[in-house]
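See below for the structure under consideration.
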Amino acid sequence: MTQRWTLVIHGGSGSMARGRLSADEDAAGRAGLHAALVAGGAILSAGGGAIDAVEAAVRVLEDDPHFNAGRGSVYTADGAIECDAAIMAGDTLAAGAVAGVTATRNPVSLARAVMERSPHVLLSAAGADAFSRDQGLEQAPPDWFATAERRRQLDEMLARPDGGFDQGMKYGTVGAVAVDGAGHVAAATSTGGLTAKRWGRIGDSPLIGAGTYADDRAAAISCTGSGEYFIRLGVAHEICARVRLAGETIEDAADALIAELGDRGGRGGVIVVAPDGSGGWAFNTPGMYRGMMSHDAAPEVAIYGDE
Ligand code: ASP
């Protein structure tokens, strides 16, 4: 009998309305999403675990310079790259996360190392970088993460008279949620954060319950968008709580949180899967890089809100 599984991924939400991306940007985004689905789907179709699938999918997107995670991360206001990532297993509620890391090629794998090889959930900055070296994770020089396009985006933002940050709202964080053949869910998120963020700023992505959460009794969630709003609402955990305690469907719970986020001035989106194999997304931006695949559905990717 075929094992049932579902994988949903995102590559960030934002102002990508139809016509605002070049044909090359559009094609590169879709190719990256497709490759991530194939990597995670191969694990799930072979009977592997959701936690392995979400890590594998996110690693592909971290290595792809078109997305704001790992290679291709955005710059802080003072021109540095500081990555955040988290991973969580819905069967045990085991979780690991890192914030402000600078030298690990795949921050999601460092988050997994925190989960599996330390007694902690969240390590930050120099301590997390040191843990990465101690654990033998692959290190990468600053040049690996740096891209000319992100530098241009920072320069453009710093040149604005109104200051502020990420007014362009092209987020680009990556994430994956999956349910495996055993019915276990997992979630992972990885990001460079927001362009021109203040040195030391930590977003929602590595905060368990805000940007990332997984619970076999409810759902697995990964978020993208204006992190400060996701943190205030505890978006990922609240979606799970609504499903578990109020009996809402994942669609209704995700829609409710995105509606409240919007009412309060936040922008972004979420991807969701439930242990029953259902999956989907909700977002209030013009577009969100996203994709879905399951045991009986080939990879499908989308960018714009109208597809
Ligand atoms: N949510 C991320 C953050 O605030 C940004 C993003 O989704 O692109 O750090």
Quick one: which residues, 5+ away or cross-chain, put their amide H under 5 Å from the amide H of A282? H built at 1.01 Å from N. V270
State the extension gain, in nm to one decimal, for the chain segment bounded by R217 and R152, taking 0.36 nm per residue of separation less the distance between their alpha-carbons. 19.0 nm
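Ordered by packing density, taken as the mean number of other Cβ atoms within 10 Å over each peptide's residues, highest first, how do 147-153, 12-18, 255-261 rank?
Ranked by mean Cβ neighbours within 10 Å, highest first: 12-18, 255-261, 147-153.
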Between Q135 and R160, what is the spin-label point distance in nm, taking each point 7 Å from the Cα along the Cα→C-beta axis? 3.5
Where the accessible area of the chain is counted over protein heavy atoms with a 1.4 Å probe, how much of it, in %, is carbon and sulfur? 53
When the Cα centres of the range 174-237 and the range 58-122 are compared, how far apart do they sit, in Å? 11
Length added when fully stretched, A125-H295, from 0.36 nm per residue minus Cα-Cα: 57.3 nm
Hey, can you rank 116-127, 203-214 by average C-beta count inside 10 Å, highest first? 203-214, 116-127
Treating every alpha carbon of the range 186-307 as one equal point scatterer without solvent, the Debye formula yields log10 I(q)/I(0) values at q = 0.12 Å⁻¹ of -0.41
Given a Förster radius of 25 Å and the C-beta distance between A17 and D78 as r, what FRET efficiency does 1/(1 + (r/R0)^6) yield to the nearest 0.05? 0.20
Averaged per residue, the 1.4 Å probe accessible area of the range 60-110, protein heavy atoms only, in Å², is roughly 22
Skip the ligands, DNA and RNA, and give the accessible area per residue of the range 201-307 with a 1.4 Å probe, whole Å². 36
So the label point goes 7 Å from the Cα of R232 along Cα→C-beta, right? Which residues of the range 259-285 then have their backbone N under 15 Å from it? 259-268
Filtering the chain for DSSP H helices with an axial alpha carbon extent of at least 27 Å and a Kyte-Doolittle mean of at least 0.0 returns 23-45
Using packing as a proxy for protection, rank 25-34, 220-229, 92-101 so that the peptide with the highest average count of other Cβ atoms within 10 Å comes first. 220-229, 92-101, 25-34
Binning every alpha carbon pair distance of the chain at 20 Å from zero, what are the percents per bin? 39, 57, 3, 0
Name the residue from A89, V74, A159 whose Cα lies farthest towards the positive end of the charge dipole of the chain, charges +1 on Cβ of Lys and Arg and -1 on Cβ of Asp and Glu. A159
In the range 179-239, taking the dipole from +1 charges on Lys and Arg beta carbons and -1 charges on Asp and Glu beta carbons about the Cα centre, the listed residue (V185, S205, S226) farthest towards the positive end is S226
Considering the Cα positions of the range 44-179, please state its Rg to one decimal place and its Dmax as a whole number of Å. 15.7, 54
Within the range 223-290: Cβ-based charge dipole about Cα centre, in debye rounded to nearest 20 (Lys, Arg +1; Asp, Glu -1): 220
Rounded to whole Hz, the Karplus (6.51, -1.76, 1.60) HN-Hα couplings of the range 281-295, x for glycine and proline: 7, 8, 7, 10, 9, x, x, 8, 5, 7, x, 8, 7, 8, 4
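The values are calculated or read from the model by the stated rules, or taken from the named source; none is laboratory data. Model, not experiment: these values are computed from the prediction. All Cβ positions, glycine included, derive from the backbone under ideal geometry; neighbour counts span all protein chains shown. Quick note on the areas: whole protein, heavy atoms, side chains included, nothing else; ligands and nucleic acids left out. Shrake-Rupley method; radii C 1.70, N 1.55, O 1.52, S 1.80 Å.
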